[in-house]
Amino acid sequence: MPVASDETRDSGPDRISEAEYAVMEPLWERSPLTALEICEVVCSRRDWSLATVKTLLSRLVAKSAVATEPDGRRFLYTPLLEKDEYTGSESLRLVDRLFGGRAAPLFAQLAEAEALTDDDLAEMEALLKELRK
């Protein structure tokens with residue numbers, strides 16, 4: 001099965017960093033949120049300040065991954081990038097970059113590293129059965 005080119009995959013918003021992804025997670029769970037509300041979720045476990053969250057939000061707005069709306073003296077943030085869309089494109093990018101666009105070597109690598117549980121294998125088997133219908 002042909003895989004989309006990098007040009008096709010890069011036509012959406014810019015890629016987001018691991019830190020930006022951490023800011024996106026609470027927005028994907030519930031939005032809109034203020035910077036302070038996002039900080040309440042991520043700052044303590046990452047040892048970040050509110051200023052760090054605001055910087056990351058500014059980057060996400062510049063990348064068209066997040067929209068901002070004034071709400072009095074604060075701003076409300078809403079994701080423009082859907083989580084499924086992002087994880088799907090990043091997954092394909094990973095398979096392209098590390099495994100030449102083929103998923104089978106990825107699964108082989110995970111199996112060899114014993115990173116797949118019995119539940120993972122059962123889900124994969126069910127998915128394969130569904131795809132073959």
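Just the residues that are under 19 Å from residue 18 (Cβ atoms), without any contact (Cβ under 8 Å) to a residue 12 or more places away in the chain and open to solvent by 70 Å² or more (accessible area, probe 1.4 Å), please, taken from the stretch 83-102.
84, 97, 98
For residue 66, work out the one condition from (1) open to solvent by 70 Å² or more (accessible area, probe 1.4 Å); (2) under 26 Å from residue 21 (Cα atoms); (3) assigned by TED's automatic domain parsing to the domain that holds residue 38 it doesn't fulfil.
Status for residue 66: all satisfied but (1).
Return the total of residues in the stretch 4-54 being surrounded by 15 or more Cβ atoms within 10 Å (Cβ to Cβ), assigned to a helix (DSSP H, G or I) and at pLDDT below 95.
Looking only at that region, the number is 1.
Of the conditions (1) touching a Phe, Trp or Tyr at 6+ places or on another chain (Cβ under 8 Å); (2) modelled with pLDDT of 90 or more; (3) not in a helix (DSSP H, G or I), residue 75 fails just one. Which one is it?
(1)
Report yes if residue 105 is open to solvent by less than 60 Å² (accessible area, probe 1.4 Å) and under 20 Å from the mean Cα position of the chain (by Cα), otherwise no.
no
The values are calculated or read from the model by the stated rules, or taken from the named source; none is laboratory data. If you're wondering where the values come from, they're calculated on a predicted model, not measured in any experiment. Positions of Cβ are backbone-derived with ideal geometry, glycine not excepted, and every protein chain shown enters the neighbour counts. Side chains are part of the model used for accessible areas, which takes the heavy atoms of the whole protein and leaves out ligands, DNA and RNA. Shrake-Rupley method; radii C 1.70, N 1.55, O 1.52, S 1.80 Å.
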